[in-house]
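Notes follow once the structure below has been shown.
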Amino acid sequence: MKIVTIDDFRDIYFKMKQKNIHFIFAKLNIRGKSRTKNTFNHQNNRAVSEWYIIPQIKKRWNKLITGNEEIDYEDFLMKEIFAGKSNLRLLSLGSGVCSHELKFASYPNFSEIICVDIAQNRLDEAKETALKNNLHTIHFICSDIQQYIEHKKDCFDIVLFHSSLHHCRHVNYLIGHQISGILKDGGKLIINEYVGKNRLQYSRGQIKAINQALQLIPSRYKKIYGTNITKKKFHGLGLLRMIIADPSECVESENILPSIHRSFKTVIEKPYGGNILMGVLKNIAHHFVTLDREKTQVLDDLFSSEDDYLKHNPSDFIMGVYEKLCL
């Protein structure tokens, strides 16, 4: 575990160039929840340089999760798990812009989909999309997760966490008591989550593997977004920077799967990596949004590098469906 790394100072510099000084000073707010909310309100700004903007990455996820690079996990679940089901009530906690929930809402299986998030601007964006597409079963509530689920019991057929559960504290109590409590008998918990090291505090072995993979990329594709700086080495993220930037980020991510396995039966659990690719492509992903033959080969080499790593290490990202255990 490192308190501060070289990459921390670089990230501050890059964010000042990519965003503005007000965003940086907002991170110094003494209240942790305010810093978290500020992060979520500006989340879309990250899309210029993160690994998930690469179309081939998304196809890789689909292939590993659904078996078909053209089929998203939402469509897969509606065909494999919820086909023939009707009047389903789905609660999404930490829904953000609700892109996944909007996709579920396009299916007639649902009588109601409730999206809960602390960022009003992101919910407003989702609401506008829902209105444009005549999706009337989906509703949006700006609230803290804990405040919303308090005192609710046996209300929902499905609870969804998509990239939000790793922001939650007291995961064992949340999953084993609160989420289990608001699900009906036989209800399903769906996660699509980072479940790796707390606070992204990678092991030396993982950082070494990331740097080995980084050497597979030609220098011209390692220019960091918005700068003339070449990404030569990945140092990892310091603990202090993680807490200052967002106190909720990966706060108990290592506890997610053990907590779920204690209280739920596994229906589907699909690992899809990220151990190498997220670190390698951070701040340089924009080079691979459009591809030619050379860049396609680079991505193939990176994918192979991560596949090799996953043969001996658990995946950092999981898509899973779990069924409430009836007492």
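Coordinate-derived values only; no laboratory data. All values reported here derive from a predicted model rather than from experimental measurement. When we count neighbours, we look across all protein chains shown, and the Cβ atoms used for this are built from the backbone with ideal geometry, even at glycine.
Find, among the trypsin sites (Lys or Arg not before Pro) in the stretch 175-242, those assigned to loop by DSSP (not H, G, I, E, B) with at most 10 other beta-carbon atoms within 10 angstrom.
Details: sites: Lys184, Lys188, Lys197, Arg199, Arg204, Lys208, Arg220, Lys222, Lys223, Lys231, Lys232, Lys233, Arg241; in loops: Lys197, Lys222, Lys231, Lys232, Lys233.
Passing sites in the stretch 175-242 are Lys232.
Ranking Asp11, Asp154, Asp292, Asp117 by Cβ neighbours within 10 Å, fewest first, what do you get? Write out the running numbers ahead of the final one.
On the way: Asp11 18, Asp154 11, Asp292 7, Asp117 26.
Fewest-to-most Cβ neighbours within 10 Å comes out as Asp292, Asp154, Asp11, Asp117.
Would you list, by chain and number, the aspartates and glutamates whose Cα falls below 16 Å from the Cα of Lys184, excluding same-chain residues fewer than 8 positions away?
Within reach: Glu112, Glu150, Asp154, Asp157, Glu323.
Taking the chain as a Gaussian network, where each spring joins two C-alpha atoms under 10 Å apart, which residue of Phe140, Phe82, Phe161 fluctuates the most?
Maximum among the listed residues: Phe82.
To the nearest 10 degrees, how steeply does helix 120-132 sit against the main Cα axis of the chain, on a 0 to 90 scale?
70 degrees
Cα convex hull of the chain: mean projected area in nm², to one decimal?
Mean projected area of the Cα convex hull: 16.6 nm².
Restrict the search to the stretch 103-138; then list the trypsin sites (Lys or Arg not before Pro) that DSSP places in a loop and that have at most 10 other Cβ atoms within 10 Å of their Cβ.
On the way: sites: Lys103, Arg122, Lys127, Lys132; in loops: none.
For trypsin sites (Lys or Arg not before Pro) across the stretch 103-138 that sit outside H, G, I, E and B with at most 10 neighbouring Cβ atoms in 10 Å, the list is empty.
Can you list the trypsin sites (Lys or Arg not before Pro) in the stretch 268-327 that are in a DSSP coil and have 15 or fewer other beta carbons within 10 angstrom? Kindly include the intermediate steps, with their values, before the conclusion.
Details: sites: Lys282, Arg293, Lys295, Lys311, Lys324; in loops: Lys282, Lys311.
The qualifying sites are Lys311.
Considering the options Ile65, Leu200, Phe140, tell which one lies farthest towards the positive end of the dipole of the chain, charges being +1 on Lys and Arg and -1 on Asp and Glu at the Cβ, about the Cα centre.
With unit charges placed on the Cβ atoms, the residue in question is Leu200.
With springs connecting C-alpha atoms under 10 Å apart, model the chain as a Gaussian network and identify which of Asn68, Asn255, Asn275 has the largest mean-square fluctuation.
Asn68
Over the stretch 6-324, calculate the relative contact order: mean separation of alpha carbon pairs under 8 Å at least 6 apart, over the residue count, as a percent. List each step's numbers first, then the result.
Numbers: 536 pairs, mean separation 71.7, N = 319.
Computed over the stretch 6-324, the figure is 22 percent.
Round to the nearest 10 and give me the degree value, 0 to 90, for the angle of helix 204-214's Cα axis relative to the longest principal axis of the chain.
For 204-214 against the chain, the angle is about 70 degrees.
Which value in deg cm²/dmol, rounded to the nearest 500, describes the helix-derived mean residue ellipticity at 222 nm for the chain, given -39,500 (n - 2.57) per DSSP H run of n ≥ 4 and division by the residue count?
Values: 13 runs with 123 residues, N = 327.
Calculated mean residue ellipticity at 222 nm is -11000 deg cm²/dmol.
Give the angle, between 0 and 90 degrees and rounded to the nearest 10, that separates the Cα long axis of helix 32-41 from the longest principal axis of the Cα atoms of the chain.
Taking Cα atoms only, the helix is inclined about 80 degrees.
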